[in-house]
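Remarks on the structure that follows.
The values are calculated or read from the model by the stated rules, or taken from the named source; none is laboratory data. The model shown is predicted, which means the values in this text are computed figures rather than measured ones. No Cβ is skipped: glycine too gets one built from the backbone with ideal geometry, and neighbour counts run over all protein chains shown.
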There are 2 protein chains.
Amino acid sequence: MAVGNVVGVAHSLLLRASDLKDDTDHMNVVSICLFVSLLCACIVLGHLLEENKWMNESITALLLGLCTGVVVLISSRGQSSHVLKFDEELFFIYLLPPIIFNAGFSVKKKEFFRNFIAIMFFGVIGVFISFAIVSSGTWYFFSKLGLANLSIRDILAIGVIFSATDSVCTLQVLNQDETPLLYSLVFGEGVVNDATSVVLFRAVQTYNFDNFTPLEGLQIGGSFLYLFFSSTILGIVSGLISAYIIKTMYFGRHSTDREIAIMILMAYLSYILAELFYLSGILSVFFCGIVMSHYTWHNVTENSRTTTKHAFATMSFIAETFIFLYVGMDALDIDKWKMTKSSFKESAGLFGSLMGLILLGRAAFVFPLSALSNYSTKSPGAKISFRQMIIIWWAGLMRGAVSIALAFNQFTMDDDTQSSVEDATLITTTITVVLISTIVFGSLTPPLIAWLHPPQHRSNNSDAALSPKASFDADHFIPLLNDTERDGENGTNDQSGISHFLDRLPRPQSIGMLLTAPRSTIHHVWRKFDDAYMRPTFGGRGFVRMASRRGMELPEEDEELEDEEQN
Amino acid sequence: MAVGNVVGVAHSLLLRASDLKDDTDHMNVVSICLFVSLLCACIVLGHLLEENKWMNESITALLLGLCTGVVVLISSRGQSSHVLKFDEELFFIYLLPPIIFNAGFSVKKKEFFRNFIAIMFFGVIGVFISFAIVSSGTWYFFSKLGLANLSIRDILAIGVIFSATDSVCTLQVLNQDETPLLYSLVFGEGVVNDATSVVLFRAVQTYNFDNFTPLEGLQIGGSFLYLFFSSTILGIVSGLISAYIIKTMYFGRHSTDREIAIMILMAYLSYILAELFYLSGILSVFFCGIVMSHYTWHNVTENSRTTTKHAFATMSFIAETFIFLYVGMDALDIDKWKMTKSSFKESAGLFGSLMGLILLGRAAFVFPLSALSNYSTKSPGAKISFRQMIIIWWAGLMRGAVSIALAFNQFTMDDDTQSSVEDATLITTTITVVLISTIVFGSLTPPLIAWLHPPQHRSNNSDAALSPKASFDADHFIPLLNDTERDGENGTNDQSGISHFLDRLPRPQSIGMLLTAPRSTIHHVWRKFDDAYMRPTFGGRGFVRMASRRGMELPEEDEELEDEEQN
């Protein structure tokens, strides 16, 4: 018997054996395989399109997902269009936490806290204003567009779903190094508004709105405060515990892997504990990231510091790409599209009215709140220019996977047929809004920023060093910067070229200037408290035990993570 | 209305809202929360027990899991004992790949390929011998112990389940730096025998053994060869593609994150593609790890190198701890235990006979195959000593999560009652064998090695530098080693203190010496081929484009990953 024959038979044996495997298990393997391949393709394509100013990684992933969806749809002859059904758990439990954690871990803390008041205005009052406008607009328009039977609950749910900006999308179009003020305002708003949205969404699902009393309004306000503070405290406590454990137990003595593992697990624990107690996991893990970058990160070994910085960014990058790919592939949910009975004109009307309401709802709080800030600020340099207001308005218009997840949650519970036609229409409309807003606003925001807020408005020559492309290797520039910028106006004796440099930039001033004097006092008190009590307990820059023990050099002060703390 | 009241009402609002959430979703959050907390506890406990020579991380995790299982069992009043049911998919799709990949990524390649023939002997012939002994012993003993109705298929399945050593357990008790020969033999066997087990297990599930012909035996042999070579080639090709992409596209120019993401995704793709085609994912991802550490790793930036080295180790560490925790928690599967009707005496008999068969089955191939190696080796230094044989025998006796997964796969398909009693008995017996063998052999192996094969047998003074505790920071020792060992007998001009040092060690010789002359020729030819064709195409040490472009120093040669390539 020839060897070829044996191999052939062996192959058929393996195929026969395959019948024994569970089919659903294997379908899972097929879809994982497809997703991983597409992720690789996205990374390669995104790299090739790096120089293209219209495309970014998220749009590439979205379009690639859409194309794959079309291919699957055609090859299954219109029967099936998605390989994985949109799964809320996958999204909220596995994909979102690394993205938000990394955002907190790498956020410029000083910029964030400087604008904290403005961020809270946008993220709380703004969401309520937008919610009111989108809800009432939906109530007014949708009944004229073939959706006459919507309950008050559904209308309010639409208001919540479309009133909050998507923080993951924001990360893609705004750059922390190029436009720190705009990034911290819009992304910070995206983090804070999660708590507002959670509260509003739960209120919408819980209350009976036919006899809504002012007391219940007060309850909603109270539950926001409870949610906001308990989530924040949970995140901060998790971060501090990780810092304390790593500082006292000194894992680095034996193993860098344990340090990194503890950091990852504690960060994740802060998210999942928040979810366990029905709090806002996004807020928790964001503040956990901030605390970890301030304390824990300084307590680990040099290798762990490099590893965590890049590993967290990589996890976040993979999760982001995955989400956009997923949304793109899921968009052609053929069952839902078949179920909607709306004509093209009606669908376009629904989409158009929603987009209009989103534009209006955001304009209705961005411009007044910014103007309020400008009115109360005395220093002329502290005003938010009209151009900046436009960017803040525009860059926050994208709706993303959170909206889709909430729409699925709200509109797939009912079982009666009439309602499910309307539900399907609402879901397809949500998907359309997400796709179009991500692609349109995502591709137009960078050119808009370049047009309205060109680099010379921000600083004269910092872009070479601080563009996202260069920032990954920013440490290569430090010697240069130190040479040329050392004698600058800012005479502090810290070692950080980048932070030093950032300090010299004429910073665009913000709504936070409203409270400049109290804020700097708070900052001063915090610095004293931090140095006197927090750092000795939890570690942090300059308080790391191993530095003296091991005879290693002191922790470097020129790390990007640290450019926030020198004044 | 008092603020306290508002907060209280708000809290109750949140709790009310919680009823709306899907209960199963929230149960999932509860179990994730519990697992993450336990993982943190394991890491802290494992760190505290670092100096204890009887305990290791895996036993800590296993015992912690058992204790938690007991607590859950008691608090649910005997109704429920596990928080998550043992899930094959979770194990094979998510937990196993990072462990095996990291093992391939960090394996000492020279040691591995030097012993390749011996590894193949143990991993292929050894598994068949052990399979024959365990199966026939099971057939003989089990009918006397209350399991008279076992089908021939079940008996053969037991043979497969208990004939393969568990590579994850092996990683825990053997140390690559302390006992490189033993590690490469036993762990290499664990990787190779996965292919053998897969083939045997599928054959058992597929064939009708009442009329088994020699032709079918040949088919099994053929499918082993097919599986082995196609899995290996798949892994190698994935690794090479990743190296080629990173070398030509030069991701590091823009972003270290993309490099790392591509490495992770391509490695995972090699595993999942192998699963897709019903090959051995373990073999694929192991060889992908080897190729990546030889080529890809040298093509990425310095930061990516540090990050990948530690991030892969961390992922593997978390997955290992998770598996042991999981096995521990799952052991008290109260439904299965209730269903078995065996008395304690019968259960003990089943356990005892299986353990005896495992001991016997492994002895039956380790000693003869080692003796065969000794017989054919001429050089007296190349013999495997009797003590080393005992360690090889003993260290491979652990059975782990793979056995449990296979047992669940085999014994949970039938639905009729009589059969399910026997199936439950077989599953509880498997769990008992895994628990006891992991705890007993896991805790006794390190002392046994210390007793039979003390450090002075291996080398005179290398342990201080090469112990697992120090190896993480081995680069700190390099200047010292370079000073004192530079003029050693090994006069190559490479820069590596550690590898230099390793070379000077009197290496225990192996069965691979059987083929020393041809093997060194092969090695020589490979080196020439590698330098002439492979490295210019796929990168690798000394062929990295960015080194010259960026004006960075040449890739360091003293990295641990590289201590294998200097001769």
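Overview of values
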| quantity | calculated |
| --- | --- |
| Number of the condition not met by A:Ala148 [criteria: (1) surrounded by fewer than 24 Cβ atoms within 10 Å (Cβ to Cβ); (2) among the hydrophobic types (A, V, I, L, M, F, W, C); (3) in contact with a Leu (Cβ under 8 Å, 6 or more places away or on another chain); (4) farther than 21 Å from A:Ile290 by Cβ] | (3) |
| Every pair of residues 6+ apart whose Cβ atoms lie under 7 Å, when the first sits in the stretch B:112-138 and is free of Cβ contacts under 8 Å to residues at least 60 places away in the same chain while the second is in a helix (DSSP H, G or I) and not hydrophobic (A, V, I, L, M, F, W, C) | B:Ser135/B:Gly159 |
| Residue in the stretch B:194-213 that is on the phi < 0 side of the Ramachandran plot, surrounded by 21 or more Cβ atoms within 10 Å (Cβ to Cβ) and away from every other protein chain (no Cβ under 14 Å) present | yes |
| Conditions (1) over 17 Å from B:Phe105 (Cα atoms); (2) in a helix (DSSP H, G or I); number of the one not met by B:Leu171 | (1) |
| Odd one out for B:Ser135, checked against (1) outside any helix (DSSP H, G or I); (2) modelled with pLDDT of 90 or more | (1) |
| Every residue from the stretch A:221-244 that is surrounded by 23 or more Cβ atoms within 10 Å (Cβ to Cβ), within 13 Å of chain B (Cβ to nearest Cβ) and among the hydrophobic types (A, V, I, L, M, F, W, C) | A:Leu227, A:Leu234 |
